1. May I ask you to verify whether R227 is within 28 Å of G148 (Cβ to Cβ) and either among the aliphatic types (A, V, I, L, M) or touching a Pro at 6+ places or on another chain (Cβ under 7 Å) (or both)?
2. What pairs come up if the first residue lies in region 654-678 and is within 20 Å of T602 (Cα to Cα) and at pLDDT 95 or above, the second is among the acidic types (D, E) and not in a loop (DSSP other than H, G, I, E, B), and their beta carbons are under 8 Å apart, counting only those six or more places apart or on different chains?
3. Looking at P493 and the list (1) within 25 Å of I350 (Cα to Cα); (2) at pLDDT 95 or above, which single condition is not satisfied?
4. Quickly run through region 219-231 and pick out the residues that are modelled with pLDDT of 95 or more and buried (at least 20 other Cβ atoms within 10 Å of the Cβ).
5. Filter region 85-102 down to the residues that are under 27 Å from D177 (Cα atoms) and in a strand (DSSP E or B) and list them by number.
6. Is it fair to say E580 is assigned to a helix (DSSP H, G or I) and within 23 Å of the chain's Cα centre (by Cα)?
7. Let me confirm something: among G205, G140, which residue is assigned to a strand (DSSP E or B) and either modelled with pLDDT under 95 or not assigned by TED's automatic domain parsing to the domain that holds E286 (or both)?
8. In contact with a strand residue (DSSP E or B) (Cβ under 8 Å, 6 or more places away or on another chain) and within 21 Å of P493 (Cβ to Cβ): does that describe G568?
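The values are calculated or read from the model by the stated rules, or taken from the named source; none is laboratory data. Keep in mind that what you see is a predicted model, and the values were worked out from it rather than measured. Ideal geometry is used to build each Cβ from the backbone, glycine not excepted, and the neighbour counts take in all protein chains shown.
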Amino acid sequence: MQKTTSDADANELPRAEKRPVSDTHHGITRTDDYAWLRADNWQEVMRDPEKLDGDIRAYLEAENAHTSTTMEDTIGLQETLFAEMKARIKEDDSSVPSPDGPWAYYMSFVTGGEYPLIGRMERGADAKLAENEKPATGDGGADVLLDGNALGEGLAYFSLGSAGHSPDHRWLAYSVDTKGSEFYTLKIRALETGEDLGDEISDVGGSAIWATDNKTFFYTKLDENHRPHAIYRHALGTTQADDVLVYEEPDPGFFAGVGATHSRRYILIGTHDHETSEIYLIDAAEPESTPRLIAERDQGHEYSVEHAGDRLIILTNDGAEDFKIVEAPAANPGRANWREIEPHRPGRLILDVTVFKNHMVRLEREHGLPRIVIRRLSDGQEHEIAFDEEAYSLGMSAGYEYDTTAMRFTYSSMTTPSRVFDYDMETRERVLRKTQDVPSGHEPENYVTRRLMAPGHDGELVPVSLLYGKDTPLDGSAPVLLYGYGSYGIAIPASFSTNRLSLVDRGFIYAIAHVRGGKDKGYAWYTAGKRQNKANTFRDFISAGEFLVNEGLTRNGQIVAQGGSAGGMLMGAVANMAPELFTGIIAEVPFVDVLTTMLDDTLPLTPPEWPEWGNPIASKEAYELIASYSPYDNVTAKNYPNIIALAGLTDPRVTYWEPAKWVAKLREFKTDSNLLLLKTNMDAGHGGASGRFERLKEVALAHAFALKVTGRIVMV
């Protein structure tokens, strides 16, 4: 076996061997010294991590050992942080039961349990529960349908992917992943007996969607490259080999999925990339019928579908950058028959639409803040639900039932724990059903949340949400944890998180930079941080950090940046562009080898990602654009901040070799003596450790790193 690390004790820096591999595209030749860290049999490793090449495993384990040794002085701190974060979690917590016919369904946890339980109770009993009261089992009370702790017992990794009951409440379709690779296995449980049927379906992505006959369901199948490419129909009591292919997506750049309208009248087969969608209808009462196309794919056109009586309600960006709502006859729903019922208003982004029998509810965002708007379908009368804090998070839940005036929404802010309300859309009465319990105690008045606007490099104002203790000095002495994402149009909500408090209570200012590439300020905010505009995402984040310094809230070298996945790409980019601004970088499952990944069309996400980043295989312009910012390709000889990268061996989204290669190259080129750490979870994927408490240990490591590099390690 070739030597992959130095013959060193754990205190000597790991060094990956250089094995140059060259490739040429558009007449441009590039040499990659660490390409060998990508396992040729990566598909096999996703299913069985023991198949990983020995040289690669040796390097990853050497880096893990180095991280453990370097962070040894924080072990006590990590244990303290873990204990604090765990103490803020109500261990025997439960969701508010959601009624459906004779039952109300819920998810709960037991004290000490890592994984959720799925349960139900008789309808009516749920309404009698006091605020925050947990359903009690036994003696006519709640029944546990599925015990995640029992299913995950003895496994290094376990994830309950989905759980959905049939319309007649006899069957529960649920999926599990035991590798972290997100290849789920779908199983069926008979709720009367608690026994699983022989039906078992492998390589599933997403949920099972039931037809109204209670014996047929639809599911999404993943191909060998982990792409959801096909929709199958399954009948209870048959084998997977008997399942019927209903739809197969021919374009590897589009992902297929299956869902249903809230009314459950229609099964929806959707296929999409990051900017185009196409949807087919199947009558749920006729599951063997041929899918009907609503509107054929048209590049750049996104739409989603709901149902109301004899109409379809469609959310679309057809001539409407921030989306509008149209209706069409269900019998003939083509675009020629679309009629506008809620017009486009620039700067007001319609995020989601849910339709009940007598009401239409939309979630929208304007000026960076969300609101819920409810319309009575009979007369068009509208009212809205909004709040007064400077920054907050608001979400809605339709529940299971269609013929109801009740909806549920959730509110929180960076200082206010999550609160769940049941809301009557006719009477406008709201009932508080649950307040997030922080068992160790939380006093919102001890914290301050603010929304500031940081001037960007081109004059655009970048929203920055802040959380800090009311006694935190704002004289520049406080360190800052600056979080960012900025891709795929995903907006980062200013919501409550108990984990952040461990840093804030130690004098940190916690900040979220709502950079371009998300939809925080509308759809245009997304496109302004996409493809040829991608540099705006990085420059906005740097501008946010500089603004906090210029405002006197902190100082250069007192900022720790944090981001994950595509936000990890942001971390790699700003480390290259403005290393002097940051004392630390926390890059979680970081997408840092962008050019190589976008050139590899065998990887799960590459073809669907081309609309987001550009296709460097087909376009020299896209190649050069991605090469200009790809963090791995832009590592040079200079000083870098302290860096920790966190990875998962079976991650199908950001493969483990991206952070591994990045750290190897940084270790070769960087000219400083700052920390450079790589921690690969050898038993997990994109989401890290699967258990709710095991995951906290990874958060504690990241927080300990932030405290260590800012000199706050003594503040245990």
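1. Details: within 28 Å of G148 (Cβ to Cβ): yes; either among the aliphatic types (A, V, I, L, M) or touching a Pro at 6+ places or on another chain (Cβ under 7 Å) (or both): yes.
Considered against the rule, which asks whether it is within 28 Å of G148 (Cβ to Cβ) and either among the aliphatic types (A, V, I, L, M) or touching a Pro at 6+ places or on another chain (Cβ under 7 Å) (or both), R227 comes out as yes.
2. From region 654-678, the pairs are A660/E63; K661/D32.
3. (2)
4. Of region 219-231, the ones modelled with pLDDT of 95 or more are 219-221, 230-231.
Those that are modelled with pLDDT of 95 or more and buried (at least 20 other Cβ atoms within 10 Å of the Cβ): Y219, T220, K221, I231.
5. Step one: filter region 85-102 for residues under 27 Å from D177 (Cα atoms), giving 85-86, 89-98.
Listed by number, the residues that qualify are S94, S98.
6. Details: assigned to a helix (DSSP H, G or I): yes; within 23 Å of the chain's Cα centre (by Cα): no.
Taking the combined requirement at face value, the residue does not satisfy it.
7. Values: G140 fails: assigned to a strand (DSSP E or B).
Only one candidate qualifies: G205.
8. Values: in contact with a strand residue (DSSP E or B) (Cβ under 8 Å, 6 or more places away or on another chain): yes; within 21 Å of P493 (Cβ to Cβ): yes.
So G568 fits the description; yes.
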